[in-house]
1. Please state which one of Ile189, Ile108 is within 29 Å of Asp248 (Cα to Cα) and hydrophobic (A, V, I, L, M, F, W, C).
2. Give region 239-252 a look and list any residue that's in a helix (DSSP H, G or I) and surrounded by 24 or more Cβ atoms within 10 Å (Cβ to Cβ), or say none.
3. What number of residues within region 32-43 satisfy the criterion of being free of Cβ contacts under 8 Å to residues at least 24 places away in the same chain and either in contact with a Lys or Arg (Cβ under 7 Å, 6 or more places away or on another chain) or not in a loop (DSSP other than H, G, I, E, B) (or both)?
4. Given the criteria modelled with pLDDT under 95, out of contact with any Pro (no Cβ under 6 Å at 6 or more places or on another chain) and either part of a loop (DSSP other than H, G, I, E, B) or within 30 Å of Ala209 (Cβ to Cβ) (or both), does Ser137 qualify?
5. In this structure, does Leu195 turn out to be aliphatic (A, V, I, L, M) and under 18 Å from the mean Cα position of the chain (by Cα)?
6. Applying the selection to region 88-97, what residues are surrounded by fewer than 24 Cβ atoms within 10 Å (Cβ to Cβ) and in contact (Cβ under 8 Å) with a residue 60 or more places away in the chain?
7. Within the group Ile153, Ile144, which residue is among the aliphatic types (A, V, I, L, M), in a helix (DSSP H, G or I) and surrounded by 14 or more Cβ atoms within 10 Å (Cβ to Cβ)?
8. Filter region 156-193 for residues that are part of a helix (DSSP H, G or I) and over 30 Å from Leu47 (Cβ atoms) and give the result.
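The values are calculated or read from the model by the stated rules, or taken from the named source; none is laboratory data. Computed from a predicted model, the values in this text were never measured in an experiment. Positions of Cβ are backbone-derived with ideal geometry, glycine not excepted, and every protein chain shown enters the neighbour counts.
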Amino acid sequence: MSPRTQTLLAEFYDRNKKIITALLAIVLVFILGQVVVSGFLTIHQVLITMKLASFIALFGLCQMLVMSAGGAGLDLSVGYTATITAIFTASVMNGANSNLWLAILIAIGIGLVVGLANGLLSAYVKLPSLVVTLAMSQILQGTINVYTAGRLISGKPSPVLQILAAKASGIIPNIVLLLLTVTVVVMVILYRTKLGATLFGVGENETAAYLSGINTRRVRTIAFTMSGIIASLIGLLLIGNMGVAFKDMGSDYVLPSIAAAVVGGVSLRGGNGNYVGVVLGAILLQTVLNLLVALGWGDAGKWTGFGIVLYVLLMAYVGNRRKR
């Protein structure tokens, strides 16, 4: 191997070491799973993992956007934003494709209101996003409880949503194909447009971005607004996958979405974000979860696994930050 080739390989690894590490970790967990649980490493099992991880990865996009914009941004309201959308649009769709566009408009409206409120309070009022989005999640949860008190949540998703979120094309789940499409679009926007450069610029150095004429508060408000809209649209996919809407259907995705972003290499300080890494982080977490469940850990294993993985990676992140 020539010195130039070695240099190019070293540069490639340096640029993509987080993605490479995540890929190797996924392979190792699958191999470990096959060793301890017969049938863990099969095409069927891998595709199920990919399908379940797709929802975590989509929520992870919400976290990546607000984290990349800096300001210690996190969005804890994504789960209940998705849930309230699913509940409110279930009766609107009522199993008919003709009503899907109205449901999409309602979803965008809900996400716009929630995300804009989070963004304005975080960016302009200067309240911590952790507090703002936690309070928003409680407001949404209370609204859901009031709306559903003493009544059944009626309505079904449109057949198109069921095909998109729950069915497969051949052996590949359609939600995985949707995630691949979203990944390509997101990567193009983040790395080939002014919006992506501005988002990362604000997160990397807010003062420099401000002095260069960028309205940093508006950029962060846009990031939270986009997070709200995306989370709301994911609510449509959740009801399409599950067939019915119910309380707390999206709340279990909040911690995994944050963990996927961290595992995927998104800096908690802001300024960077690679959605491919977030997707791989979601797959890694889902694979770990599947292994723990296969070992009989159940729900305890689910949260313990996510907690341990996130804790270890946060410790590694803090260690690297101190070295710099």
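1. Values: Ile189 fails: within 29 Å of Asp248 (Cα to Cα).
Unique residue meeting the criteria: Ile108.
2. First pass over region 239-252, keeping only residues in a helix (DSSP H, G or I): 239-242, 251-252.
Once the filter is applied, which keeps residues that are in a helix (DSSP H, G or I) and surrounded by 24 or more Cβ atoms within 10 Å (Cβ to Cβ), region 239-252 yields Ile239, Gly240.
3. To start, the set of residues in region 32-43 that are free of Cβ contacts under 8 Å to residues at least 24 places away in the same chain comprises 34-35, 38-39, 41-42.
Then keep just the ones that are either in contact with a Lys or Arg (Cβ under 7 Å, 6 or more places away or on another chain) or not in a loop (DSSP other than H, G, I, E, B) (or both); that gives 34-35.
Number of matching residues: 2.
4. no
5. Working: aliphatic (A, V, I, L, M): yes; under 18 Å from the mean Cα position of the chain (by Cα): no.
No: the conditions fail for Leu195.
6. Initially, region 88-97 is screened for residues surrounded by fewer than 24 Cβ atoms within 10 Å (Cβ to Cβ), giving 88, 90-92, 94-97.
Hits for region 88-97 are Ala90, Ser91, Val92, Asn94, Gly95, Ala96, Asn97.
7. Values: Ile153 fails: in a helix (DSSP H, G or I).
Answer to the check: Ile144.
8. Taking region 156-193 first, the residues part of a helix (DSSP H, G or I) are 159-166, 174-192.
Arg192, the sole residue that qualifies.
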